[in-house]
Amino acid sequence: MSDLIEGYLGKTVEGKKSRVPAKLDYLQSATGLFLGLFMWGHMFLVSSILISKDFMYAVTKFFEASFIFDGGEPIIVSGVVLFVFIVFITHAAMGMRKLPSNFKQYQVIKAHAKSMGHEDTKLWFIQAYTGFAMFFLGSVHLYIMMTNADAIGPYASAERVWSAWMWPLYILLLLAVELHGSIGLYRLAVKWGWFDGKDPKATRKRLKVWKKALTWFFLILGFATLAAYIKIGYENQQAGKIGERYVPTAQIMEYKINNGRVA
Ligand code: HEM
């Protein structure tokens, strides 16, 4: 009944307003923080290919818990992706509440931002555009990872990036996720005053420098990584090695030793 009255009047009979919007804001921040930090970890793991194919293979097998199950269990990765997907969808649902829902609202926000001439307000637009793009781009990637967790590895990933045409999607997703992620973490720090210290204004300036540096760092790392997968995918395609799975150097050496030859 109280809900109904608040629905009509904007207040309960006691003259109070619902705390739900504040709780939803909190959920948006918490899921955003998780996803932002997850993306940093994700970028380091995926970029293991820049060190070597063997290293990326080892990282993949580690996440399949090959230290417990012989050869690894990709279903574990599917489970992790499902969890990340649920957090991703929750975060997107919370974010949707902030998007203008018609042209009039959009015009009002635009005019407001213009009259303020405030950089952080302009950042909000980047969040809205990149967030909207990620509804589609992120979902495609997460669904594929969840249902093809057994096809993650130096050759399988490179084949997906190049031969299965994921690279155009990854270029757009990378741009969206790096801008959205670092702006999001910056805004979280400002909103909740995490590093305010004695002089919040000076802190905000410093945070801005960090935001910029992190955006560039992860964009450069991301594009270098993407280029590495594209190169491997292209070379394997030219060599007619489509469908082939990477065999780590240690296993090749073991095979040669067991057969009386040393590499
Ligand atoms: C647990 C969940 C995830 C797993 C297991 C995963 C795994 C991977 C893997 C293995 C690659 C290499 C290419 C490939 O194999 O297709 C990749 C690339 C990429 N992923 Fe994810 N991913 C996950 C979640 C996410 C999320 C939530 C996002 C952002 C919304 C994301 C954004 C990207 C981007 C932009 C690339 C290309 C990066 C580059 O090449 O530098 N991933 N991911």
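So which residues in region 121-136 are under 22 Å from VAL161 (Cβ atoms) and either in contact (Cβ under 8 Å) with a residue 24 or more places away in the chain or not in a helix (DSSP H, G or I) (or both), if there are any at all? Let's see the steps before the verdict.
If we filter region 121-136 for residues that are under 22 Å from VAL161 (Cβ atoms), which is where we start, we get 130, 133-136.
The answer is THR130, ALA133, MET134, PHE135.
Step by step: first the residues of region 137-179, then only those that are in a helix (DSSP H, G or I) and of a type in the set (Gly, Ala, Ser), then the one that is surrounded by the fewest Cβ atoms within 10 Å (Cβ to Cβ). Which residue is that? Explain how you work it out, then say what you get.
Within region 137-179, the first condition is being in a helix (DSSP H, G or I), and the residues that meet it are 137-147, 149-151, 154-162, 167-179.
If we keep only those that are of a type in the set (Gly, Ala, Ser) as well, we get 138-139, 149, 151, 156-158, 176.
Working: GLY138: 23, SER139: 14, ALA149: 22, ALA151: 16, ALA156: 19, SER157: 22, ALA158: 24, ALA176: 20.
So, considering only residues that are in a helix (DSSP H, G or I) and of a type in the set (Gly, Ala, Ser), the one surrounded by the fewest Cβ atoms within 10 Å (Cβ to Cβ) is SER139.
Among the listed residues PHE103, PHE125, PHE132, which satisfies the condition of being more than 30 Å from TYR57 (Cα to Cα), within 15 Å of the ligand (Cβ to nearest atom), surrounded by fewer than 18 Cβ atoms within 10 Å (Cβ to Cβ) and hydrophobic (A, V, I, L, M, F, W, C)?
Values: PHE103 fails: within 15 Å of the ligand (Cβ to nearest atom); PHE125 fails: within 15 Å of the ligand (Cβ to nearest atom).
Unique residue meeting the criteria: PHE132.
Taking the conditions exactly as written (among the basic types (Lys, Arg), modelled with pLDDT of 95 or more, in a helix (DSSP H, G or I) and within 14 Å of the ligand (Cβ to nearest atom)), does LYS23 satisfy them or not?
Numbers: among the basic types (Lys, Arg): yes; modelled with pLDDT of 95 or more: yes; in a helix (DSSP H, G or I): yes; within 14 Å of the ligand (Cβ to nearest atom): no.
Taking the combined requirement at face value, the residue does not satisfy it.
Taking interchain pairs and intrachain pairs at least six residues apart, which have beta carbon atoms under 7 angstrom, with the first residue in region 167-179 and under 16 Å from GLY233 (Cα atoms) and the second more than 8 Å from the ligand (Cβ to nearest atom)?
Taking only residues 6 or more apart or on different chains, the pairs are TRP167/ILE230; LEU169/VAL140.
Pick from ILE68, ILE49: which is more than 30 Å from ALA189 (Cα to Cα) and exposed (fewer than 13 other Cβ atoms within 10 Å of the Cβ)?
Working: ILE49 fails: exposed (fewer than 13 other Cβ atoms within 10 Å of the Cβ).
Checking each option against the conditions leaves just ILE68.
Give just the number: which of (1) of a type in the set (Gly, Ala, Ser); (2) assigned to a helix (DSSP H, G or I); (3) more than 10 Å from the ligand (Cβ to nearest atom) does GLY79 not satisfy?
(3)
Name the residue, out of LEU219, LEU137, LEU169, that is within 8 Å of the ligand (Cβ to nearest atom) and either aliphatic (A, V, I, L, M) or modelled with pLDDT under 95 (or both). Before you say what the answer is, go through the steps one by one.
Working: LEU219 fails: within 8 Å of the ligand (Cβ to nearest atom); LEU169 fails: within 8 Å of the ligand (Cβ to nearest atom).
Exactly one residue qualifies, and that residue is LEU137.
Taking PHE55 and the conditions (1) of a type outside the set (Asp, Glu); (2) surrounded by 13 or more Cβ atoms within 10 Å (Cβ to Cβ); (3) near the ligand (Cβ under 10 Å from one of its atoms), which numbered condition does it fall short on, given that it satisfies the others?
Among (1) of a type outside the set (Asp, Glu); (2) surrounded by 13 or more Cβ atoms within 10 Å (Cβ to Cβ); (3) near the ligand (Cβ under 10 Å from one of its atoms), the lone unmet condition for PHE55 is (3).
For a quick check of your reading of the model, give me the residue pairs whose first member lies in region 205-233 and is of a type in the set (S, T, N, Q), whose second is assigned to a helix (DSSP H, G or I), with beta-carbon atoms closer than 7 Å and at least 6 apart or on different chains.
Between residues of region 205-233 that are of a type in the set (S, T, N, Q) and residues that are assigned to a helix (DSSP H, G or I), the close pairs are THR215/GLU178; THR215/LEU179; THR215/SER182; THR225/VAL46; THR225/SER47; THR225/ILE49; THR225/LEU50.
Give the residue, chosen from LYS212, LYS208, LYS256, LYS231, that is surrounded by 13 or more Cβ atoms within 10 Å (Cβ to Cβ), more than 16 Å from the ligand (Cβ to nearest atom) and either farther than 20 Å from ILE152 by Cα or among the charged types (D, E, K, R) (or both).
From the options LYS212, LYS208, LYS256, LYS231, the qualifying one is LYS208.
Considering only region 183-198, I want to know if a residue exists there that is among the hydroxyl-bearing types (Ser, Thr, Tyr), within 16 Å of the ligand (Cβ to nearest atom) and under 19 Å from TRP40 (Cα atoms). Break it down stepwise before answering.
As a first pass, look at region 183-198 and keep what is among the hydroxyl-bearing types (Ser, Thr, Tyr): 186.
From the residues that got through so far, the ones that are within 16 Å of the ligand (Cβ to nearest atom) too are none.
So far as region 183-198 goes, no, none of its residues is among the hydroxyl-bearing types (Ser, Thr, Tyr), within 16 Å of the ligand (Cβ to nearest atom) and under 19 Å from TRP40 (Cα atoms).
Is there any pair linking a residue in region 70-91 that is closer than 21 Å to VAL177 by Cα and in contact (Cβ under 8 Å) with a residue 24 or more places away in the chain to one that is more than 9 Å from the ligand (Cβ to nearest atom) and among the small types (Gly, Ala, Ser), with Cβ under 7 Å and at least six apart or on different chains, and which?
Final answer for the pair search is HIS91/GLY32.
The values are calculated or read from the model by the stated rules, or taken from the named source; none is laboratory data. Please read these numbers as outputs of a predicted model, since none were measured by experiment. No Cβ is skipped: glycine too gets one built from the backbone with ideal geometry, and neighbour counts run over all protein chains shown.
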